[in-house]
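The values are calculated or read from the model by the stated rules, or taken from the named source; none is laboratory data. What you see is a predicted model, and the numbers here were worked out from it, not measured in a lab. Don't worry about glycine lacking a Cβ; one is built from the backbone with ideal geometry, like all the others, and counts go over all protein chains shown.
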Amino acid sequence: MKKKSKKSVTNAADPESPQVFAVEMKSGKAKFTRRDFLKAAGVATVATLAGCSAPTPTSTATSTPRPVPTQTSSPQPTLSSVQLREACKILSAHTSSISAIVISPDGRLLASGSLDNTVKLWTLPDGALSKNLEGHTSAISALVISPGGRLLASGSWDNTIKLWSLPDGALLNTLEGHTDEIWSMAISPDGNLLTSGSQDKTIRIWSLPDGALVKTMEVATSGAYTLAISPDGQILASTPWIENVIDLWSVSDGTLLKTLEEAGSPVFSPDGKILFSSIDHRTSIGLWSLPDCTLLERIEGYSDTVSTLILSPDGKFLVSGNGNEGTIKVKSLPEGNLLKRLQAHTRWMEALVMSPDGRLLASGSVDKTIKLWSLPNGALLHTLEGHTDTVDILAISPDGSLLVSGSEDHTVKLWSLPNGEFIGCAFDLAASPSDAEGVTYETTIEGRTVQYTLPCGAPIPAGAICTCNCVGGGGCSCDSYSSGGGSHYWHPN
């Protein structure tokens with residue numbers, strides 16, 4: 001650990017403010033023991049710095065006297081987006097690839113799942129670790145949050161589904177019955193039903209929040225790889241892993257309504273009266289009336305295979321993606337005129353997501369980049385770099401201000417929208433290299449004690465209790481001060 005020096009600034013503007021002091025790095029690389037990490041990320045607008053001190057020295061020699069720092073104001077941003085991106089390179093959210101992410105309806109909570117068998121809860125927009133949810137014995141394959149934001153369901157390759165309460169992360173129930181890997185899940189718009197699809201060639205419907213099994217439907221294909229429920233909650237669409245078919249089911253009684261041959265990528269219209277899908281071996285788009293499943297219209301002109309469909313919120317245009325070719329097409333509705341064809345990526349495109357207002361599109365690829373596009377004109381706005389492996393998953397917050405990306409590099413990164421600025425990363429010290437550093441604290445929210453992990457120097461809410469200071473990986477303490485600790489803040493009692 002490099003030598004540190006004291007820095008002081010007098011907060012003359014507010015003589016009644018808490019006396020806040022700082023110990024910071026004198027020199028060296030901007031990695032993670034920096035005081036302004038989250039402040040620079042714009043997530044510390046109302047926080048008050050609370051009392052944290054460095055680990056108790058393990059040496060038996062006489063302790064170095066505690067320095068008498070000079071009063072300083074709250075930290076000011078010093079790190080650019082580029083510096084933040086560099087710092088986050090050594091910080092991991094999980095110990096394996098990110099396999100699922102979902103944002104709560106209020107935009108305040110993020111859940112991530114990984115091939116490391118864990119689910120983790122993070123606060124937004126700061127990306128602080130709130131809870132590590134353990135119990136699955138194999139990879140996490142799917143995550144869904146109820147419309148009310150009070151329940152999280154996690155599906156796994158261990159053949160089970162776990163129900164967790166939010167925001168505290170308490171385990172409510174483990175749903176058993178599938179005999180093979182869980183591939184997909186969807187929750188009804190009213191939050192009363194959970195559907196799950198599996199490699200065991202069944203779809204199961206469970207009641208919520210109790211998790212009782214309501215219905216089991218047998219699938220004639222290779223399983224239920226994707227699931228989608230219509231906005232009115234009446235129809236369930238499922239697609240298999242191999243075959244190009246869509247099965248349409250009645251949610252109320254589990255009856256198979258119709259199988260659409262040579263079709264895929266089902267998307268419901270906002271009013272639930274029309275289903276959009278690829279047809280003709282994924283070279284055209286079909287519009288089907290619901291619930292009678294009659295083909296109303298065929299939109300042609302897709303020489304590229306359609307692997308993803310996204311309908312704009314106003315229903316005025318349709319975005320299609322060809323994952324293999326890395327291309328995107330934007331077509332007007334109902335005319336089906338081509339508005340734009342984009343060569344989005346040079347390698348396989350893994351993720352495609354539209355903002356809630358339909359004005360922005362984000363794509364992620366094996367080429368390790370994320371691209372932001374204006375809609376419907378298809379103008380390239382930004383290319384986001386920083387991931388060191390495939391970007392598999394993208395999610396946009398309900399208010400459209402935040403993009404979250406999950407990658408095979410084990411990281412979860414946060415980007416502001418629409419400017420695409422990198423603002424931080426969700427990280428877990430236990431999943432990061434041993435030289436990564438952070439601070440853990442406890443605070444009370446709605447009568448419950450919650451523990452968070454943040455970067456060293458991050459502002460901590462007033463009244464919070466520091467339980468761990470800036471040391472990498474292992475045990476630590478806040479009982480006393482040592483100049484050998486990482487950069488940190490405290491105010492005297």
For the stretch 272-289, state whether one or more residues are under 26 Å from TRP157 (Cα atoms) and part of a strand (DSSP E or B). no
Consider LYS273 against the criteria (1) surrounded by 17 or more Cβ atoms within 10 Å (Cβ to Cβ); (2) over 24 Å from the mean Cα position of the chain (by Cα); (3) modelled with pLDDT under 95: it satisfies all of them except one. Which criterion is unmet? (1)
Is it the case that some residue within the stretch 379-395 is out of contact with any Phe, Trp or Tyr (no Cβ under 7 Å at 6 or more places or on another chain) and closer than 17 Å to PRO125 by Cα? yes
Show the residue pairs meeting these rules: Cβ distance below 6 Å; 6+ apart or different chains; first residue within the stretch 135-155 and part of a strand (DSSP E or B); second residue charged (D, E, K, R). SER154/LYS162
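Taking into account only those residues within the stretch 289-314 that are charged (D, E, K, R) and free of Cβ contacts under 8 Å to residues at least 24 places away in the same chain, which is surrounded by the fewest Cβ atoms within 10 Å (Cβ to Cβ)? Write out each step before concluding.
If we filter the stretch 289-314 for residues that are charged (D, E, K, R), which is where we start, we get 292, 297-298, 300, 304, 314.
Within this subset, residues satisfying the condition of being free of Cβ contacts under 8 Å to residues at least 24 places away in the same chain are 292, 298.
Working: ASP292: 8, ARG298: 12.
Out of the qualifying residues, it is ASP292.
Confirm whether GLU437 is modelled with pLDDT under 95, in contact with a Ser or Thr (Cβ under 6 Å, 6 or more places away or on another chain), over 28 Å from GLY169 (Cβ atoms) and not β-branched (Val, Ile, Thr).
On the way: modelled with pLDDT under 95: yes; in contact with a Ser or Thr (Cβ under 6 Å, 6 or more places away or on another chain): yes; over 28 Å from GLY169 (Cβ atoms): no; not β-branched (Val, Ile, Thr): yes.
So GLU437 fails the test.
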Do we find a residue being over 24 Å from ARG108 (Cα atoms) and touching a Lys or Arg at 6+ places or on another chain (Cβ under 7 Å) anywhere in the stretch 349-365? yes
Within the stretch 328-345, the count of residues that are under 15 Å from SER374 (Cα atoms) and not small (Gly, Ala, Ser) comes to 9
Given (1) closer than 26 Å to SER250 by Cα; (2) under 19 Å from the mean Cα position of the chain (by Cα), where does LEU175 come up short, assuming only one miss? (2)
(1) under 27 Å from ILE393 (Cα atoms); (2) surrounded by fewer than 16 Cβ atoms within 10 Å (Cβ to Cβ); (3) in contact with a strand residue (DSSP E or B) (Cβ under 8 Å, 6 or more places away or on another chain) all hold for PHE317 apart from (2)
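Can you find a residue that is among the β-branched types (Val, Ile, Thr), free of Cβ contacts under 8 Å to residues at least 24 places away in the same chain and under 23 Å from ILE274 (Cα atoms) anywhere in the stretch 234-256? Steps first, answer last, please.
Initial filter on the stretch 234-256 (among the β-branched types (Val, Ile, Thr)): 235, 239, 242, 245-246, 251, 255.
Filter again for free of Cβ contacts under 8 Å to residues at least 24 places away in the same chain, leaving 242, 255.
If we keep only those that are under 23 Å from ILE274 (Cα atoms) too, we end up with 255.
Yes.
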Output for the stretch 213-245, where each listed residue is buried (at least 18 other Cβ atoms within 10 Å of the Cβ), farther than 21 Å from SER141 by Cα and under 24 Å from the mean Cα position of the chain (by Cα): SER230
